[in-house]
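A quick write-up on the structure given underneath.
FYI, it's all coordinate maths here, none of it is from the lab. These numbers were taken from a predicted model, which means no experiment stands behind them. When we count neighbours, we look across all protein chains shown, and the Cβ atoms used for this are built from the backbone with ideal geometry, even at glycine.
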Amino acid sequence: MSLLEHMDTGQASAGKTSAVPTENDRPLVELSHVEKHFGKLHVLKDINLKVNKGEVLVVVGPSGSGKSTMCRTINRLETIDSGTIRIDGQPLPQEGKELANLRAEVGMVFQQFNLFANKTILENVTLAPVKVRHMSKKDADDLGMDLLARVGVESQAAKMPSQLSGGQQQRVAIARALAMQPKIMLFDEPTSALDPEMVNEVLDVMMKLASEGMTMICVTHEMGFARKAADHVVFMADGRILEKGTPEQFFDHPQTDRAKDFLSKILTH
Amino acid sequence: MSEFLQLFTQYNIIGAFWVNIQLTLWSALFSLILGVLLLMMRISPISSLRGLAGAYVEFFKNMPLTIIMVFMVLGAYAQLKLTFSDKFVVNFFWLAVTGLSLYTAAFVCESLRSGMNTVPLGQAEAARALGLGFFQSATEVILPQAFRGSVAPLGNTLIALLKNSTVAAAASVATETSSLMSTMIEFHANSIVGIFLIFALGYIILIIPIGLLTTALSNKLAVRR
Ligand SMILES: Nc1ncnc2c1ncn2[C@@H]1O[C@H](COP(=O)(O)OP(=O)(O)O)[C@@H](O)[C@H]1O
Ligand SMILES: [Mg+2]
């Protein structure tokens, strides 16, 4: 069964009602000339990026290069100093209800899972559909169980997050984000906090999602995933995008010394 | 011994404790409501609200309770004409509850804030990322976890409140324990140790279960991460 089944109707109608430019000739996510400082630290420097509908973008780069910050600016968990970010053609709203609506359309999966510790697994998935989308409890439960089944943790629905393994928790976190029927999913090092034997169960879910046409931005150093799933790879260092290309171009023929150096480090272990 | 028992028939000691328990329960209720409000102001995105709540907490944390109680009678009642009832006794009771609630709310807020510090930032970020607003994130995710992380300090605040309720004597609540104790000592100076022990024991009997209960609750409700 498709992970995205619930999204089909939503996207079709969105396509029909959208204004003159069709979905295909404008990027779903567009960052242009984005700048960001943390105090004196210049973390994002002239970031320009386009991600089209259905595209999977993998972001790699050394620690501290600004990958997480870039991800977080896309649903405005971090504000930017200058430049523009557009989702589906719309500039990011400032605050309030519109911002909440935008966030609901951008799913985010964190390194530390961040499942709500006071809610059961099923409640984690149904909370936002009920509170933000005003879905009935019954419909939300059905949707929740469906999504949990698709990520393979439906038998855990009544448990608390702390009772699950890291891999299971991260799959629940993906289901929780999908329950809002997002247009795009952001993954910030989703497997970095996992024991090695649990990495694949999460990557498998992400692979499935990618193959079903979900638009995804993934910060990850999982080369296997990047080669199989990514349409493009972006390499960041010191707050700048230094390279962008297909996985083959980037991994097999990196252009810059920084990228060559970086790849030699992650490939030797 | 017989004189000792006579004290119980001559004075309404149980009734005096009941007054302190009532003062405590009402003040606990109102200070909890006010404390939660203060906490939500302190974590709100609006900086003027944060400042206001911060100032409130600092003010009442650093103000001796006796002064607040005296102010309730001489300031709020005598000067500002704050009245709850035509009956003197009832009126002073509620003035005392008001003073205790205003004072204790600052400590409730601080207790909840210490519980809040046990909630990882990621919980609020995940809630925001899903499109929940400030109020929804607070009530569904952050406050329930903060409550469960602050059972122990809230228990201590409740114990302090029960003991502080004796300061209601300063607000002319004449029927409560410390006022009654003074009266009894005045008329039975030779039983002073016995009288003191009666009241000391009464408070110990009331307070020990609160301590045990909050410790047990605190362990039971602790958020597993
Ligand atoms: N909230 C913050 N306040 C100050 N500095 C921060 C904050 N978040 C990240 N940084 C700094 O910004 C830089 C980029 O961080 P980050 O985006 O997390 O990098 P990456 O995800 O690529 O490791 C780092 O130097 C980090 O220390
Ligand atoms: Mg990071």
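Using a 10 Å Cβ count of at most 16 others and DSSP loop calls, identify the longest part of chain A lacking such trypsin sites (Lys or Arg not before Pro). Walk me through the numbers on the way to the answer.
On the way: sites that count: A:Lys40, A:Arg133, A:Lys159.
Within chain A, the longest run free of exposed trypsin sites (Lys or Arg not before Pro) spans A:160-269.
Between helix A:166-178 and chain A, what is the angle of the helix's C-alpha long axis to the longest principal axis, kept within 0 to 90° and rounded to the nearest 10?
Between the helix axis and the principal axis of chain A, the angle is about 80 degrees.
Evaluate E = 1/(1 + (r/R0)^6) for A:Arg26 and B:Lys81, where r is the Cβ-Cβ distance and R0 equals 45 Å; express this FRET efficiency to the nearest 0.05. Please report the intermediate quantities before stating the final value.
Numbers: r = 67 Å, r/R0 = 1.49.
Calculated transfer efficiency: 0.10.
List the pair-distance distribution P(r) of chain B, using every Cα-Cα distance, as the percent of pairs falling in each 10 Å bin from 0 up to the bin containing the longest distance, rounded to whole percents.
Reading the bins upward from 0: 8, 27, 29, 21, 10, 4, 1, 0.
Just to verify a number: FRET efficiency for B:Leu5 and B:Ile208, C-beta to C-beta distance, R0 = 35 Å, to 0.05?
Numbers: r = 24 Å, r/R0 = 0.70.
Once rounded, the FRET efficiency stands at 0.90.
Using the alpha-carbon centroid of each, what span in Å lies between the range B:159-216 and the range A:28-43?
62
Mind computing the radius of gyration and Dmax over the alpha-carbon atoms of the protein assembly as shown? Å is fine for both.
Spelled out, the Cα radius of gyration and Dmax of the protein assembly as shown are 30.2, 101 Å.
Which angle between 0 and 90 degrees, to the nearest 10, do you get for helix A:137-150 versus the longest principal axis of chain A when only C-alpha atoms count?
Rounded to the nearest ten degrees, it is 50.
Quick check: pseudo-label points 7 Å beyond the Cα along Cα→Cβ at A:Glu154 and B:Arg224, how many nm apart are they?
2.5
I need the P(r) histogram for the range A:26-70: all alpha carbon pairs, bin width 5 Å from 0 out to the longest distance, whole percents.
Answer for the range A:26-70: a P(r) of 5, 19, 25, 25, 16, 7, 3, 0 percent.
Mind listing which trypsin sites (Lys or Arg not before Pro) in the range B:79-115 are in a DSSP loop and have 12 or fewer other Cβ atoms within 10 Å?
Details: sites: B:Lys81, B:Lys87, B:Arg113; in loops: B:Lys81, B:Lys87.
Of the trypsin sites (Lys or Arg not before Pro), the ones in loops of the range B:79-115 whose Cβ has at most 12 other Cβ atoms within 10 Å are B:Lys81, B:Lys87.
Please give the helix A:96-105 orientation as an angle from the longest Cα principal axis of chain A, in degrees from 0 to 90, rounded to the nearest 10.
90
In 10 Å bins starting at zero, report the fraction of Cα pairs in the range A:88-181 per bin as a rounded %.
Spelled out bin by bin, the range A:88-181 gives 17, 48, 27, 8, 0 percent.
Taking 7 Å along the Cα-to-C-beta vector as the label spot, tell me the A:Lys50-B:Met63 distance in nanometres, rounded to one decimal.
6.2
Would you mind estimating how fast chain A diffuses translationally, via Stokes-Einstein at 4 °C and 1.567 mPa s with the Kirkwood radius over Cα pairs, in µm²/s? Please list the in-between numbers first.
Details: Rh = 19.1 Å.
Translational diffusion coefficient: 68 µm²/s.
Please report, ordered by residue number, every helix of chain B (full DSSP H runs) that is 20 Å or longer along its axis going by C-alpha atoms and whose mean Kyte-Doolittle hydropathy reaches 1.6. Spell out each step's value before the answer.
Working: long enough: B:13-43 (44 Å, 1.87); B:47-61 (21 Å, 0.36); B:88-116 (41 Å, 1.20); B:192-221 (43 Å, 2.08).
Going by DSSP H runs, the hits are B:13-43, B:192-221.
Using only the alpha carbons, work out the radius of gyration and Dmax of the range B:64-170 in angstrom.
18.5, 55
What is the spin-label model distance, in nm, from A:Glu98 to A:Glu78 if the labels are put 7 Å beyond Cα along the C-beta direction?
Here the answer is 2.4 nm between the modelled labels.
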